[in-house]
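Engineer: Mind having a look at this structure? Questions to follow.
Each reported figure results from applying straightforward, stated rules to the coordinates on display, with no laboratory input. The structure presented is a predicted model; accordingly, all values stated were derived computationally and were not measured. All Cβ positions, even for glycine, are placed from backbone atoms using ideal geometry, and neighbour counts span all protein chains on display.
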Amino acid sequence: MAGSGKFFVGGNWKCNGTKDSVSKLVTELNAATLEPDVDVVVAPPFIYIDQVKSSLTDRIEVSAQNVWIGKGGAYTGEISAEQLVDIGCQWVILGHSERRHIIGEDDEFIGKKAAYALSQNVKVIACIGELLEEREAGKTFDVCFKQMKAFADSITNWADVVVAYEPVWAIGTGKVATPEQAQEVHAAVRDWLKTNVSPDVASSIRIIYGGSVNAANCAELAKKEDIDGFLVGGASLKGPDFATIINSVTSKKVAA
Ligand code: PGA
């Protein structure tokens, strides 16, 4: 079963950039010619969101890279969903492997963050993905389904959720999953959603791939029927390359 959702490409800038480099990247993105039938979102570091919001074309939406689990208050160093809404930030990336494995966020914490963000009308890019040793031990599906279950335990409305499959061994390593490896997991996650959430959610949700996607490998990946777009790290810091990845929707259309 292939997905029926609009192609979606997100740029995760991570902890990169300065006021000057952000301004240059925004200028490049504003100048790029983008295919119309793609949802495009970029995720700057919190402190640059306002700068990006006020200078970036409305064609591209803006995401945060994290959010607090509930209503704001005495939580030093955190940013609340209410504050994201206040500055017009419509999306948040949750469950990214760097937050799971470096910061130590667990499945339940991430699921609750997703539910709270959605309750405040902040849309969620929900990330899942296995470590290399988990893949080598044949546990890829187990890990991804467990992470999906934690989201499903908290999320009731999936209309504003995009799932990002990002094998940890492919993130920032230059070692992209093959189109077949990605397709296999995307199809399995869609099937999991069909059984455990609903057939409607399974067919309409976007399942995007992340992990060393670049301007050269995006077209082959985009052709796979269950790959509905990309979450891009390193290559999203270069405007022309990110535009090429967005426009890889054209190879999907040819393949269809
Ligand atoms: P990468 O990062 O494209 O640099 O591998 C992807 C991600 O972490 O979202």
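Engineer: Which of the residues spanning segment 156-180 are outside any loop (DSSP other than H, G, I, E, B) and either within 18 Å of the chain's Cα centre (by Cα) or on the phi > 0 side of the Ramachandran plot (or both)? Reasoning before the result, please.
Structural biologist: Taking segment 156-180 and keeping what is outside any loop (DSSP other than H, G, I, E, B), we get 161-165, 168-170, 179-180.
Hits for segment 156-180 are 161, 162, 163, 164, 165, 168, 169, 170, 179.
Engineer: Hey, could you check segment 202-218 for residues that are within 16 Å of the ligand (Cβ to nearest atom), in contact (Cβ under 8 Å) with a residue 12 or more places away in the chain and not in a strand (DSSP E or B) and say which is farthest from residue 45 (Cα to Cα)? Before the answer, list the steps.
Structural biologist: First pass over segment 202-218, keeping only residues within 16 Å of the ligand (Cβ to nearest atom): 206-218.
Applying the additional criterion that residues be in contact (Cβ under 8 Å) with a residue 12 or more places away in the chain yields 206-215, 217-218.
This time we only want the ones that are not in a strand (DSSP E or B), so: 211-215, 217-218.
Details: 211: 19, 212: 20, 213: 20, 214: 21, 215: 23, 217: 26, 218: 24 Å.
Within segment 202-218, the match that is farthest from residue 45 (Cα to Cα) is 217.
Engineer: Could you check how many residues of segment 119-143 are more than 15 Å from the chain's Cα centre (by Cα) and either on the phi < 0 side of the Ramachandran plot or basic (Lys, Arg) (or both)? Walk me through it before giving the result.
Structural biologist: Within segment 119-143, the subset more than 15 Å from the chain's Cα centre (by Cα) is 119-121, 130-143.
Subset that is either on the phi < 0 side of the Ramachandran plot or basic (Lys, Arg) (or both): 119-120, 130-137, 139-143.
The total comes to 15.
Engineer: Would a scan of segment 237-247 turn up a residue that is aliphatic (A, V, I, L, M), over 19 Å from residue 144 (Cα atoms) and away from the ligand (no atom under 13 Å from the Cβ)? Give the steps one after another, and end with the answer.
Structural biologist: Taking segment 237-247 first, the residues aliphatic (A, V, I, L, M) are 237, 243, 245-246.
Narrowing further to those that are over 19 Å from residue 144 (Cα atoms): 237, 243, 245-246.
Imposing the further condition that a residue be away from the ligand (no atom under 13 Å from the Cβ) reduces the set to 243, 246.
Yes, there is a match, as at least one residue in segment 237-247 is aliphatic (A, V, I, L, M), over 19 Å from residue 144 (Cα atoms) and away from the ligand (no atom under 13 Å from the Cβ).
Engineer: In segment 222-248, how many are surrounded by 23 or more Cβ atoms within 10 Å (Cβ to Cβ) and either of a type in the set (A, V, I, L, M) or not in a loop (DSSP other than H, G, I, E, B) (or both)?
Structural biologist: 10
Engineer: Residue 199 is checked against (1) more than 17 Å from residue 144 (Cβ to Cβ); (2) within 15 Å of the ligand (Cβ to nearest atom) and fails just one. What number does that condition carry?
Structural biologist: Tallying (1) more than 17 Å from residue 144 (Cβ to Cβ); (2) within 15 Å of the ligand (Cβ to nearest atom), residue 199 fails exactly one: (2).
Engineer: Of these, 62, 122, which one is of a type outside the set (Lys, Arg) and under 20 Å from residue 233 (Cα atoms)?
Structural biologist: Just one listed residue meets the conditions, 62.
Engineer: Pick out, from segment 9-122, the helices (runs of 4 or more DSSP H) lying fully within it that include 1 or more residues that are in contact (Cβ under 8 Å) with a residue 24 or more places away in the chain and among the hydroxyl-bearing types (Ser, Thr, Tyr). Lay out the reasoning, then the answer.
Structural biologist: Details: elements: 19-31, 46-55, 81-86, 107-119.
Result: 19-31, 46-55, 107-119.
Engineer: Let me ask something additional. Report yes if residue 188 is hydrophobic (A, V, I, L, M, F, W, C) and within 16 Å of the ligand (Cβ to nearest atom), otherwise no.
Structural biologist: Numbers: hydrophobic (A, V, I, L, M, F, W, C): yes; within 16 Å of the ligand (Cβ to nearest atom): no.
When the stated conditions are applied, residue 188 does not pass them.
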